[in-house]
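The values are calculated or read from the model by the stated rules, or taken from the named source; none is laboratory data. Worth saying up front: this structure is predicted, and the values here are computed from it rather than measured. Cβ coordinates were reconstructed from backbone atoms using ideal geometry, including for glycine residues, and neighbour counts include every protein chain displayed.
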Amino acid sequence: MVCGEPIDLRPAGLQDAALLLLWRNDPLTRRFSINDAVVGWDEHIAWLEASLAMETRQLLVAVRGRPVGLVRIDRDEATEMSWTVAPDARGQGVGRSMLAAALPIRGRIVARIKSDNVASRRLASRVGFALLEPGPLERWELVRPIPDQPPASSPSG
């Protein structure tokens with residue numbers, strides 16, 4: 001997989017359930033998740049079905065020849081983004097590319113990142129987020145667009 005390959009985003013669906021659960025229960029993903037417990041199949045399916053039914057939530061699978069990550073966008077007073085890079089795609093530029101593809105959205109955009117999640121903190125900074133509230137669970141806000149990184153494709157919304 002070449003770092004420069006474009007990332008496309010597509011809506012997640014129930015057909016992605018097994019892959020998303022595999023990524024969700026990866027030990028490193030869990031370490032940096034707000035909820036770090038192992039998630040079982042039934043709980044995961046209930047969450048996925050509820051998420052797919054929410055008008056205020058988008059789940060976007062990042063694809064670079066194959067699925068390589070997930071971006072979750074929750075719209076409320078501010079839009080909150082969270083992301084997961086597939087364990088076998090880490091360190092290949094996927095995070096930056098998938099956020100670039102997801103960020104042509106309007107309004108205030110925030111992210112919550114655990115303070116010891118160096119990779120996500122570095123990614124957030126590189127794509128234009130600034131740290132607003134330090135602490136064990138930091139709050140970041142997008143303050144500038146991603147430099148020199150036009151999106152390969154953009155989600156609707």
Go through (1) among the aliphatic types (A, V, I, L, M); (2) closer than 28 Å to LEU14 by Cβ; (3) out of contact with any helix residue (DSSP H, G or I) (no Cβ under 8 Å at 6 or more places or on another chain) one by one and return the number of the condition ALA130 breaks.
(2)
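Let's see how each residue does on (1) in contact (Cβ under 8 Å) with a residue 60 or more places away in the chain; (2) buried (at least 16 other Cβ atoms within 10 Å of the Cβ); (3) part of a helix (DSSP H, G or I):
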position	(1), (2), (3)
ASP88	no, no, yes
GLY91	no, no, no
MET98	yes, yes, yes
ALA101	yes, yes, yes
ALA111	no, yes, no
ASP116	yes, no, no
ARG122	no, no, yes
LEU132	no, no, no
TRP140	no, yes, no
Filter result for the condition that a residue is surrounded by 14 or more Cβ atoms within 10 Å (Cβ to Cβ) and of a type in the set (Asp, Glu), over ASP42, ASP8:
ASP8
When the range 13-27 is checked residue by residue, the ones that are surrounded by 14 or more Cβ atoms within 10 Å (Cβ to Cβ) and either under 23 Å from GLY91 (Cα atoms) or among the β-branched types (Val, Ile, Thr) (or both) are ASP16, LEU19, LEU20, LEU21, TRP23, ARG24, ASN25, ASP26
For the range 73-86, indicate whether the set of residues that are at pLDDT 90 or above, surrounded by 20 or more Cβ atoms within 10 Å (Cβ to Cβ) and assigned to a loop (DSSP other than H, G, I, E, B) is non-empty.
yes
What is the one condition in (1) outside any strand (DSSP E or B); (2) touching a residue at least 12 places away in the same chain (Cβ under 8 Å); (3) among the aromatic types (Phe, Trp, Tyr) that TRP47 does not satisfy?
(2)
Checking PRO151, PRO155 in turn, the sole residue that is more than 23 Å from ALA53 (Cα to Cα), out of contact with any Asp or Glu (no Cβ under 6 Å at 6 or more places or on another chain) and either modelled with pLDDT under 95 or part of a strand (DSSP E or B) (or both) turns out to be PRO151
Working carefully through the options LEU123, LEU132, LEU103, LEU99, find the one that is farther than 26 Å from ASP26 by Cα, at pLDDT below 95 and either touching a strand residue (DSSP E or B) at 6+ places or on another chain (Cβ under 9 Å) or charged (D, E, K, R) (or both).
LEU132
Can you work out which of the residues in the range 138-148 that are at pLDDT below 95 and hydrophobic (A, V, I, L, M, F, W, C) is farthest from GLU5 (Cα to Cα)?
VAL143
Pairs needed: first member in the range 64-85, within 20 Å of ASP26 (Cα to Cα); second member anywhere, among the basic types (Lys, Arg) and part of a strand (DSSP E or B); C-beta distance under 6 Å; at least 6 residues apart or different chains.
SER82/ARG72
